Amino acid sequence: GAVVSQHPSWVICKSGTSVKIECRSLDFQATTMFWYRQFPKQSLMLMATSNEGSKATYEQGVEKDKFLINHASLTLSTLTVTSAHPEDSSFYICSARESTVMNTEAFFGQGTRLTVV
Amino acid sequence: GENVEQHPSTLSVQEGDSAVIKCTYSDSASNYFPWYKQELGKGPQLIIDIRSNVGEKKDQRIAVTLNKTAKHFSLHITETQPEDSAVYFCAASTESGYSTLTFGKGTMLLVSP
C-alpha cells in the first residue's frame, strides 16, 4: 500500500536553532500534503496545507514565519521550525492523499518528536 | 467548517468484550469517514473507512456504521484483544484529494487481559 515516510522520527535541538522535517510520499504523487501538530493526549491539530509549487495555506493562529513549509516536488514537503523554543516541542505529523485519484485514503507519516532544550 | 465530536474519551474493556466508539459531525457535505488507530509515539494508521453511499462496512473484527440523516458514525470492535489498546480517532472530510480531515478528540481504548 501507499506509504508516507517522515524523517527524522525524533530530534532534539537547542533553543534558537532551526529544525527541518521531511515528508515523502514513496509510491504516489501528492499535490497536497498536510502538516499536523499533536500535544500529549490530544488530537491532531492541522497546522497547514502544503501545495506543490505554491504557497502553503496556514490555519488560523499558526505563524507562517515560524513554520516554513516548502513543497518543491510531487513527493516531498518539508516543514522547518525556525528559531525553535521549548514551547515548540511537540509531535509533528504529515499526511498525504493521492490527489489525482478519487476515493483515496489519507496516509500518515510516522511522526517526528521534536524536543527543544 | 466541519466539527467532529467523539465519545467516549476513554474506554476500558475486558479482553473478548466489544468496544463501541461514537462520532458525530456537523457538515452535511462530508462524505468520507475514516477511523485511525494511533499507538504511542507513532503516526495514525487507517483501520477502516466508510463513504456516504453505504451504511455499514465490516473488516474482520472491526465494523463501522454510518447514519447520514443523523450525522453520526460509529466504530465497533468485537472480541477485543490487548493489542487493540491504543488511541482511536474518527475523522470526516469530503473525498477530494485536496480536502482536509477534521478529527475527533480521540478515544483511549484499554483492553485488559
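Each DSSP beta bridge with both residues in chain A is either parallel or antiparallel, and the antiparallel ones are about 90%. The DSSP beta bridges internal to chain B are antiparallel in roughly 90% of cases. If R0 is taken as 45 Å, the Cβ-Cβ distance between A:Lys20 and B:His72 corresponds to a FRET efficiency of 0.65. Based on Cα contacts under 8 Å between residues 6+ apart, chain A shows a relative contact order of 37 percent. Would you mind classifying the range B:32-102 by shape? Square roots of the alpha carbon gyration tensor eigenvalues, ordered a ≥ b ≥ c; an a/c under 1.5 is rounded, otherwise it is prolate if a/b is larger than b/c and oblate if not. Oblate shape, in that a/c is at least 1.5 and b/c is the bigger or equal ratio. With contacts taken as Cα pairs under 8 Å and at least 6 residues apart, the range B:26-113 reaches a relative contact order of 28 percent. For the range B:1-74, the set of trypsin sites (Lys or Arg not before Pro) satisfying both a DSSP loop assignment and a count of at most 14 other C-beta atoms within 10 Å is given as B:Arg61. The Cys residues in chain A with no partner Cys Cβ within less than 4.7 Å of their Cβ are A:Cys13. Other protein chain C-beta atoms within 10 Å of residue C-beta, averaged over B:61-71: 0.
Quick note: the coordinates plus some simple rules give every number you see, no bench work behind them. Bear in mind that the values here come from a model prediction, so they are computed numbers and not experimental data. Quick reminder, even Gly has a Cβ in these numbers, built from the backbone with ideal geometry, and neighbours come from all protein chains shown.
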